[in-house]
Every structure is written in structure tokens, then in C-alpha cells.
Amino acid sequence: MKLIISIPSPYSRKCRVMVRELGLGERVEEAESHPFDDDPELLKANPLGRVPCLILDDGQALTESAVIADYLCEQVGNPWPRDWNDRRLEALGNGLLDLSVARRVEMVRDEGIQSAYWIGRRERGIMRALDQLEAAIGTLATTLAQGPLTLAVALSYLDFRYPESDWRSGRPRLASLLEAWEERLSFAQTRPVG
Ligand SMILES: N[C@@H](CCC(=O)N[C@@H](CS)C(=O)NCC(=O)O)C(=O)O
């Protein structure tokens with residue numbers, strides 16, 4: 001299988017961490033592609049032109065990190081817990097990623113056309129989600145599962161793109177969740193740059 005990814009992409013990182021944690025490194029080749037370069041291989045596999053994209057051995061392609069993540073787990077007999085609590089956490093983590101990436105997209109536009117409204121709206125959504133997650137995360141934090149992983153990737157993305165953000169303040173559970181993931185080799189090997 002071939003996993004088309006970009007190094008800074010948090011959605012790609014989630015899948016890359018899972019390839020490593022699930023022991024699929026021998027079966028999944030990673031290919032780097034910058035989505036804004038309109039690489040023909042990526043566009044053929046994913047008409048949306050987004051990473052990650054997993055090209056299966058029969059040539060079919062899977063898009064969406066959440067779908068790829070489920071597929072990777074299934075390849076090794078679904079060893080990770082996958083109840084509704086995990087899915088709930090994963091959905092909030094994905095939403096947090098969507099807002100953080102959208103905020104980033106707005107902030108890299110030329111200053112004259114940036115929208116303070118959209119930046120503020122994304123920012124408020126991120127903060128509300130973090131507060132709710134801090135209250136709800138409980139013991140799930142230490143579990144090797146898709147929900148906590150998605151959340152850890154989203155928190156790490158905040159550090160990557162908004163180093164000035166003090167999201168840890170008043171949110172010790174989220175801070176220790178990220179700390180626990182950062183100790184793992186899979187996380188260190190997929191650290192975003194760029
Ligand atoms: N919901 C998608 C989001 C994927 C996504 O937005 N990827 C970004 C990189 S972080 C991308 O490829 N953007 C290129 C574009 O939107 O044209 C997923 O979970 O895989």
C-alpha cells in the first residue's frame with residue numbers, strides 16, 4: 001500500500017503514527033506530496049487533491065484520515081478499543097484540527113484580505129473545544145486509541161502553528177495527554193516541520 005502524505009499535515013500524521021503503532025511499516029510505503037503542488041498521482045487517487053490518501057494494493061484509493069485510520073486498524077484485527085466514547089473524542093479532535101487548519105489558512109492570506117471575523121470565530125471554537133475536552137477526557141487520555149491520538153495530534157499542531165498559544169494553562173489533563181504521546185517513538189518520528 002502507498003500512503004500519500006505531507007509532513008506538516010496533522011491528518012497525515014495521525015495515519016503515519018498508526019502505521020508505526022500498528023506494526024504496518026513493512027506493508028505501507030509513505031510517499032510525500034505537497035497538496036498544493038497538484039501532484040498528478042495524488043489528483044488521480046484523490047480528486048479532492050488532499051492528503052492523506054491511501055492507495056491500496058488493488059489500485060483503489062481511500063481518502064479521509066478517519067477512514068484510512070479504520071482501514072489500518074482492520075488490517076491487524078482491530079486491536080484498539082473503539083467504542084462511542086472513543087469516537088466522540090475522535091470527532092472533537094477532528095473538529096479541532098479542522099478549525100486549527102482553517103485558522104491557519106486564513107492567517108497566511110495577505111494581510112489586507114485576512115478576515116478578523118473568521119480568525120476570531122475559529123479561535124473561539126478551538127478554545128471552547130479545548131475546555132470541553134479537558135472536562136471530558138477522564139481516563140481515556142492514556143489509552144492507545146484513535147480518539148486520544150487524534151486529540152494529541154491536534155494539540156501538537158497547535159504547538160507547531162501557534163507556539164505563542166497558552167492552551168496548556170488551566171488544562172493539565174490535555175497537557176499530560178500530549179506529553180504521554182510525545183514520549184512515543186511513533187510521535188517523535190512524525191514530528192511536523194515546514
Ligand atoms: N478531512 C480530511 C482533511 C484533509 C486535509 O484537509 N488535508 C490538507 C492538508 S492538512 C490538504 O490536503 N489540503 C489541500 C487542499 O485543501 O487543497 C482528512 O481528515 O483527511
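The values are calculated or read from the model by the stated rules, or taken from the named source; none is laboratory data. The shown structure was predicted, so the numbers you read here are calculated from the model rather than taken from an experiment. When we count neighbours, we look across all protein chains shown, and the Cβ atoms used for this are built from the backbone with ideal geometry, even at glycine. Remember, those area values only see protein heavy atoms, side chains included, never the ligands or the DNA or RNA. Shrake-Rupley method; radii C 1.70, N 1.55, O 1.52, S 1.80 Å.
Annotations
- Members of the stretch 10-31 found to be outside any helix (DSSP H, G or I) and either open to solvent by less than 10 Å² (accessible area, probe 1.4 Å) or on the phi < 0 side of the Ramachandran plot (or both), listed by number: Leu22, Leu24, Gly25, Glu26, Arg27, Val28, Glu29, Glu30, Ala31
- Residue within the stretch 53-66 that is under 30 Å from Glu123 (Cβ atoms), more than 9 Å from the ligand (Cβ to nearest atom) and buried (at least 16 other Cβ atoms within 10 Å of the Cβ) present: no
- Residues that are of a type in the set (A, V, I, L, M, F, W, C) and within 11 Å of the ligand (Cβ to nearest atom) within the stretch 67-93 comprise Val67, Ile68, Ala69, listed in sequence order.
- Qualifying residue in the stretch 118-134 (condition: modelled with pLDDT under 95 and in contact with a Pro (Cβ under 7 Å, 6 or more places away or on another chain)): no
- Whenever a residue of the stretch 45-62 is free of Cβ contacts under 8 Å to residues at least 40 places away in the same chain, its partners that are of a type in the set (Phe, Trp, Tyr), lying with C-beta atoms within less than 7 angstrom and at least six residues away or across chains, give the pairs Leu62/Tyr71.
- Any hit, the stretch 102-111, residues being modelled with pLDDT under 95 and over 22 Å from Tyr157 (Cβ atoms): yes
- Considered as a group, the residues in the stretch 67-80 that are within 16 Å of the chain's Cα centre (by Cα) and of a type in the set (Val, Ile, Thr) include one that is least open to solvent (accessible area, probe 1.4 Å), and that residue is Ile68.
- Residue selected from the stretch 32-52 under the condition in a loop (DSSP other than H, G, I, E, B) and charged (D, E, K, R), by the criterion farthest from the ligand (Cβ to nearest atom): Asp39
- Filter result (acidic (Asp, Glu) and surrounded by 15 or more Cβ atoms within 10 Å (Cβ to Cβ)) within the stretch 36-52: Asp39
- Given (1) more than 10 Å from the ligand (Cβ to nearest atom); (2) over 21 Å from Arg161 (Cβ atoms); (3) part of a loop (DSSP other than H, G, I, E, B), index of the condition Ile7 fails: (2)
- Flag if Leu149 is touching a helix residue (DSSP H, G or I) at 6+ places or on another chain (Cβ under 7 Å) and in the same structural domain as Glu30 (by TED's automatic domain parsing): no
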